[in-house]
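Undergrad: The structure follows.
The values are calculated or read from the model by the stated rules, or taken from the named source; none is laboratory data. The structure presented is a predicted model; accordingly, all values stated were derived computationally and were not measured. Heads up, the Cβs are rebuilt from the backbone with ideal geometry, glycines too, and the neighbour counts pull from every protein chain shown. When the accessible area is computed, the model is the full protein with side chains, heavy atoms only, and any ligands, DNA or RNA have been set aside. Shrake-Rupley method; radii C 1.70, N 1.55, O 1.52, S 1.80 Å.
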Amino acid sequence: MRCEEVAELLPDVLEGGAGAPARAVRHVETCLRCQAELAQYRRLLRALRQLRFQLPEPPAGLLSSLLGGVEASAERHALRAALLRRRVAYAAALAVAGAAGAAGAAVLAGRSRDRIRLAG
Amino acid sequence: MGPAAHAAPRDPLTASSPARLAAGARWGGETPEALVDAARAGDRSAFEELVRATYADTYALAFRMTGDEEDASDVLQEAYLRAYRGLRRFRGDAAFSTWLYRITANCASTHVTRRGRTRTSVLSPDAVVPDDRPEHDPEARASVNSDRARVAAAVADLPPRLRAVVVLRDVYDLPHEAIAAELGISETAAKVRLHRARKRLRERLFPLRGESADGSDP
């Protein structure tokens, strides 16, 4: 393999796992330029990993703003839940009233039919 | 608007960090797992404790992805609201921090796309808190320290599409699959972008003989 071909594989060698083709590995073992390039990629990866522990300072007030957002969301959720409960209770009451009305009407209708039959 | 000025150095292992989560650290007398369980059961104060413990670390991710303090703050607002609403769906397959990173990455990606911004160079070396953790290898530590500020600046100068992938993979160690899912791209596209980002960074930061530092051939 030529250095140019191997160079294209080097950024992915950092992933480990699958690794590079054996031909590329053999090339790197005998090529100082490619060894140097691989070493620079490893140096880059070490430095990138260190950024995880290099924290930019969050702006003042961010935490209270985040907590305020969570609180407001929780209150909205509670309000929606209360409204939903009230709507469900209202609908249930309407349904019960409707059912009671229908039952009453059925009883009245039954009685009036009986009266007509007796009169006849 | 740039980030806050240099703050007092702090040890990330005593502040909020994924390392603390992984180590089963205790916050407010509770383990992270207990806090997550309590928050999932509807305990808002437990969720607030999780916010306190993780926001500095999550802010760092949002800041690195957006390159802007104001945008990062907006991203965090959205991310924590989504996390709060979606907490019941968190099954604990991954660490809470990883779950939060994914949400933050998704929010940041959407935010950057929506704003159509390509802000760069705001992550100045002065904007960061140095890592003063002891290293096992003093020589490697000296080398890494000298590289760190340059690397942070170079990452910030990458185009947002490349920056997002390299930050999520090489800084935050998210798997390709998660990165692709949260950025709304294929896994192959995520790998291609990572390849390009690493190549560009390597050429800029650590040029070989015969290469110029801006990555172009002489």
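Undergrad: What do you reckon, is A:Val107 over 26 Å from B:Gly42 (Cα atoms) and within 42 Å of the chain's Cα centre (by Cα)?
TA: no
Undergrad: Quick check, is A:Val28 under 30 Å from B:Leu50 (Cα atoms), touching a helix residue (DSSP H, G or I) at 6+ places or on another chain (Cβ under 9 Å) and among the β-branched types (Val, Ile, Thr)?
TA: For A:Val28, the condition - under 30 Å from B:Leu50 (Cα atoms), touching a helix residue (DSSP H, G or I) at 6+ places or on another chain (Cβ under 9 Å) and among the β-branched types (Val, Ile, Thr) - is not met.
Undergrad: On to the next question. Could you list all residues from the range B:149-178 that are among the charged types (D, E, K, R) and farther than 18 Å from A:Leu14 by Cβ?
TA: B:Arg150, B:Asp157, B:Arg161
Undergrad: If we keep just the residues of the range B:54-73 that are of a type in the set (A, V, I, L, M, F, W, C), surrounded by 24 or more Cβ atoms within 10 Å (Cβ to Cβ) and in contact (Cβ under 8 Å) with a residue 12 or more places away in the chain, which is nearest to the other protein chains (Cβ to nearest Cβ)?
TA: Selected residue: B:Phe63.
Undergrad: Looking for whichever is open to solvent by less than 60 Å² (accessible area, probe 1.4 Å), among the β-branched types (Val, Ile, Thr), part of a loop (DSSP other than H, G, I, E, B) and at pLDDT below 95 here; the options are B:Val144, B:Val122, B:Val151, B:Val155. Which one fits?
TA: B:Val122
Undergrad: Yes or no: the range A:84-99 includes at least one residue that is under 25 Å from B:Ser45 (Cβ atoms) and in a helix (DSSP H, G or I).
TA: The answer is yes; a qualifying residue exists.
Undergrad: Can you name every residue in the range B:59-103 that is of a type in the set (Lys, Arg) and assigned to a helix (DSSP H, G or I)?
TA: Within the range B:59-103, B:Arg64, B:Arg82, B:Arg85, B:Arg88, B:Arg89, B:Arg102 meet the criteria.
Undergrad: Follow-up question, since we're still on this one. Check the range A:15-37 and report whether any residue there is of a type in the set (Ser, Thr, Tyr) and without any contact (Cβ under 8 Å) to a residue 12 or more places away in the chain.
TA: Checking the range A:15-37: at least one residue is of a type in the set (Ser, Thr, Tyr) and without any contact (Cβ under 8 Å) to a residue 12 or more places away in the chain.
Undergrad: If you don't mind, another one. Please count how many residues of the range B:198-218 are part of a loop (DSSP other than H, G, I, E, B), more than 8 Å from every other protein chain (Cβ to nearest Cβ) and either at pLDDT below 70 or within 17 Å of B:Arg148 (Cα to Cα) (or both).
TA: 8
Undergrad: Still on this structure: Would you say B:Leu87 is surrounded by fewer than 19 Cβ atoms within 10 Å (Cβ to Cβ) and at pLDDT below 95?
TA: Answer is yes for this residue.
Undergrad: Restricting attention to the range B:40-53, and to residues there that are over 17 Å from A:Glu75 (Cα atoms) and either over 21 Å from the mean Cα position of the chain (by Cα) or without any contact (Cβ under 8 Å) to a residue 40 or more places away in the chain (or both), which single residue is surrounded by the most Cβ atoms within 10 Å (Cβ to Cβ)?
TA: B:Ala53
Undergrad: Would you confirm whether or not the range A:68-75 contains a residue that is outside any helix (DSSP H, G or I), closer than 29 Å to B:Asp43 by Cα and under 25 Å from the mean Cα position of the chain (by Cα)?
TA: no
Undergrad: Return yes when A:Gly61 is more than 7 Å from chain B (Cβ to nearest Cβ), modelled with pLDDT of 90 or more and within 16 Å of B:Arg44 (Cβ to Cβ) and no when it is not.
TA: Spelling it out, it is not the case that A:Gly61 is more than 7 Å from chain B (Cβ to nearest Cβ), modelled with pLDDT of 90 or more and within 16 Å of B:Arg44 (Cβ to Cβ).
Undergrad: Right, another one. Which one of B:Leu81, B:Leu100, B:Leu76 is touching a residue at least 40 places away in the same chain (Cβ under 8 Å) and not charged (D, E, K, R)?
TA: B:Leu100
Undergrad: So for the range A:21-38 (the condition being among the charged types (D, E, K, R), within 11 Å of chain B (Cβ to nearest Cβ) and within 32 Å of the chain's Cα centre (by Cα)), does at least one residue qualify?
TA: No; the residues of the range A:21-38 include none that is among the charged types (D, E, K, R), within 11 Å of chain B (Cβ to nearest Cβ) and within 32 Å of the chain's Cα centre (by Cα).
Undergrad: What are the residues in the range B:162-194 that are surrounded by fewer than 20 Cβ atoms within 10 Å (Cβ to Cβ), more than 12 Å from every other protein chain (Cβ to nearest Cβ) and under 19 Å from A:Leu55 (Cα atoms), if any?
TA: none
Undergrad: Output the number of the condition that A:Ala81 fails; it satisfies all remaining conditions of (1) farther than 23 Å from B:Arg169 by Cα; (2) not in a helix (DSSP H, G or I).
TA: The number of the failed condition is (2).
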